[in-house]
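Notes to accompany the following structure.
The values are calculated or read from the model by the stated rules, or taken from the named source; none is laboratory data. This one's a predicted model, so the numbers in the text were calculated from it and none came from an experiment. FYI the Cβ positions are ideal-geometry reconstructions off the backbone, even for glycines, and counts take in every protein chain you see. Just the protein is used for accessible areas: all its heavy atoms, side chains included, with ligands, DNA and RNA removed. Shrake-Rupley method; radii C 1.70, N 1.55, O 1.52, S 1.80 Å.
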Amino acid sequence: MIIRAYSKKWLLGALFSVVGVLGLFTLFGSSWEISSFQNSVRQRFIAPNVVYITEPSPVGDSEVITKPSTKFEYVSQTLDPRFPTPPGDMGAAVSLGVTDAAVADLVKQGYNMQGLNQYFSDLMSVQRRLPDVRDDWCKKPGRFLDNLPETSIVIVFYNEAWSVLVRTVHSILNRSPPNLVKEIVLVDDCSYLPHTKTQLDEYFRTISKVRVLRAPERQGLIRARLLGAKNTTAQIITFLDAHVECTVGWLEALLDPVARNSTTIAIPTIDWIDEHDMHLRTENAPTYYGAYDWDLNFGWWGRWSRIYQPTNKMEPFETPAMAGGLFSISRSFFERLGWYDEGFDIYGIENIELSMKSWICGGKMVTVPCSRVAHIQKTGHPYLIQTKKDVVRANSLRLAEVWMDEYKQIIFDIYGLPKYPIEEVGDVSHRKEVRERAKCKSFKYYVQTAFPEMNNPMVEGAFHGEVKNKALGNDTCLEYRPETNTIGMATCDHQQTGQFWAHNYYQELNSYKHCLDYTGDSLGVYGCHRSRGNQAWHYATKTSQIKSVKHGKCLGLDLKTMKTLLVEECDEKKESQKWLVSFVDIDASIFKKSAF
């Protein structure tokens, strides 16, 4: 009887064990996971301490330290056949005909608050599977160093949608070698949505690698990133936006260039998650590189237009600019570059600043085709909601003053300014000291080395300063009167205010962002839009005439009043159509031929 009872207990225990193991394997069958069962359990069930830090954590040696090799394999998991395939699985579009008024209202709210279809995002699994989109070249054994260093991952969020933020973190945990992720630092920039507080703390509380860092007051994206960076502990810092999904192999490929050279900044290939239906689009990203025009706004340019064409399109390639939110950098190099400019406000241009100074100050920047990170391109920027200040303008002027040498005047002219407005956007002497300490090269070096495709900023007859009419002589200047929003001729005051004009890269006649605008019927002053059209003018250096590019007529002086302006048929003999200006004098030989 004793033996029989023991056998029953043993059989019952064995049965429960088998059921338990099968249950766990079912649970893990919904995403890419590591081959180690122990690591899978850790990724799913262990969560972070929440900390409130305002001072940087101590960091030891500034050089990148590699770690012993750890073999790591990805295993593709299948879905549990007992349940329907979750929306968006494997990067597919969420397909749902929105006919219910209540649902349509939720969709609208998501766009207004988040700049994406939050309703569709919320329908998806926060651990949705994605396909392996790497080229076969990237998957070959020995492609990357086998002793890569670990990294701290910094993610700044401000009122981010729950499903989007949590999915970002799970994509890192599920598709990164655990030994390479030292920590994930979620920087809360004073969000106010309830799910970003206790709910977020509790969700990640048992995952030791994830911690939430609460900013004591609203920082703005740039300063919040800086707060996160200075509170990391690894010697390589990786930045990600709070609305991305990492794909298989992203981290190994991204860390490899930085591990090989600590002055290299590595940028992943950024695929697109459609903000409307959440489907993954991977067909275009590998064919583009990061660049920008003279407004300093980042854009994607075709790799086919580059002067240097690498033989192997899969190897990391040099690039002049980054989108901004996704990259890996050595902590020591970031510190040497002066981190971000703490005078930058909220959002924008910090990516261009880091791009320029990485090259100017002895490093370089590369895009990594084997590192694929998908990003939601939102329809709007929550960081800029209710922000009245033109932060992009202020940040652009700070960057130009510090890093662009004599070419800074090109940026000033684009904003219709005679000089750097220190009273408005602040002193930058400490930033110039950073550049001096780092023994950085010139902006000209940056163009010639990293960005030979940069557009020529000079248009024919580019000028800035006072504008005088030949019929009136040297004592009368073209003036903008903001109180009446009008223009006319007035006695020159030499104050560089309403009588300062810039004929710039965008072919404008610009005075402090007020531009001459000719519709074909009337001449007026409107806010500058940089789209040329009615605001595009051409200064003919041979005849001294200012001609409307769109309408083909010339700017002249009304000889009846000798003060008001008119636009009329061009006549080279009329002195009232001849304008005396001071031409811009910079070396444009380093740029390609101007398109205008």
### Task
Within region 502-542, which residues have the backbone N less than 18 Å from the label spot 7 Å out from Glu572 along Cα→beta-carbon, could you tell me?
538-542
### Query
So what is the relative contact order for the chain, in percent, with contacts set as C-alpha pairs under 8 Å and at least six apart?
12 percent
## Note on the structure
At 20 °C in a medium of viscosity 1.002 mPa s, the chain has a Stokes-Einstein diffusion coefficient, with Rh taken as the Kirkwood radius over alpha carbon pairs, in µm² per second, of 79 µm²/s
### Query
So if we plug the beta-carbon distance of Ala104 and Asn297 into 1/(1 + (r/R0)^6) with R0 = 35 Å, what FRET efficiency do we get, rounded to 0.05?
0.60
## Note on the structure
Helix 2-27 sits off the longest principal axis of the Cα atoms of the chain, rounded to the nearest 10 on a 0 to 90 degree scale, by 10 degrees
### Message
Above 20 Å lies some portion of the pair distances; for region 530-596, what is it as a whole percent of all C-alpha pairs?
### Response
39 percent
### Query
Dipole of the chain (Lys/Arg Cβ +1, Asp/Glu Cβ -1, origin at the Cα centre): which of Ser582, Leu555, Ala323 lies farthest to the positive side?
Ala323
### Summary
Relative contact order in percent for region 182-304 (Cα pairs under 8 Å, 6+ apart) equals 16 percent
### Message
Given contacts defined as C-alpha pairs under 8 Å and at least six residues apart, what's the relative contact order of region 531-596, whole-number percent?
### Response
23 percent
### Query
Based on the alpha-carbon gyration tensor of region 281-320, what equivalent-ellipsoid semi-axes (square roots of 5 times the eigenvalues) come out, in whole Å, largest first?
19, 13, 8
### Task
Sorted from largest down, give the three principal axis spans of the alpha carbons of region 389-434, whole angstrom values.
27, 25, 16
### Task
Give, rounded to the nearest 20 debye, the magnitude of the charge dipole that the chain has about its Cα centre when Lys and Arg contribute +1 at Cβ and Asp and Glu contribute -1 at Cβ.
1540 debye
### Summary
Tilt, helix 350-360 to longest principal axis of the chain (alpha-carbon atoms), in degrees rounded to tens, equals 80 degrees
### Message
Can you give me the % of accessible surface on the chain that is carbon or sulfur? Probe 1.4 Å, all protein chains present, nothing else counted.
### Response
54 percent
### Summary
Quick calc, region 175-269, dipole around Cα centre from Cβ unit charges on Lys, Arg (+) and Asp, Glu (-), nearest 20 debye, gives 240 debye
#### Entry: For the chain, calculated [θ]222 nm from helices alone, where every DSSP H run of n ≥ 4 adds -39500 (n - 2.57)
-7500 deg cm²/dmol
### Task
Quickly work out the Lys388-to-His279 label distance, labels modelled 7 Å from Cα along the C-beta direction, and quote it in nm with one decimal.
4.4 nm
#### Entry: Net +/- balance of residues flanking Cys570 in space, Cβ distance below 12 Å, scoring K and R +1, D and E -1
+1
### Task
For Leu145, put the label point 7 Å out on the Cα→Cβ axis and report which residues of region 291-323 keep their amide N under 15 Å from it.
none
### Query
Sorted by average packing, counted as other Cβ atoms within 10 angstrom per residue and highest first, what order do 190-200, 137-147 take?
190-200, 137-147
### Query
Taking the alpha-carbon centroid of each part, what is the distance from region 500-514 to region 282-344 in angstrom?
29 Å
### Task
Could you tell me what % of all Cα pairs in region 479-568 have separations over 19 Å?
37 percent
## Note on the structure
For region 288-430, the Cα gyration tensor yields equivalent-ellipsoid semi-axes (√(5λ), largest first, whole Å) of 27, 18, 16
### Message
Between helix 221-230 and the chain, what is the angle of the helix's C-alpha long axis to the longest principal axis, kept within 0 to 90° and rounded to the nearest 10?
### Response
50 degrees
### Message
Past 30 Å, Cα to Cα: identify those pairs from Lys108/Lys513; Lys108/Lys182; Lys230/Lys357; Lys140/Lys441; Lys209/Lys313; Lys388/Lys547, in the order given.
### Response
Lys108/Lys513; Lys108/Lys182; Lys140/Lys441; Lys209/Lys313; Lys388/Lys547
## Note on the structure
region 194-234 and region 152-169 have their Cα centres apart by a whole-number Å value of 9 Å
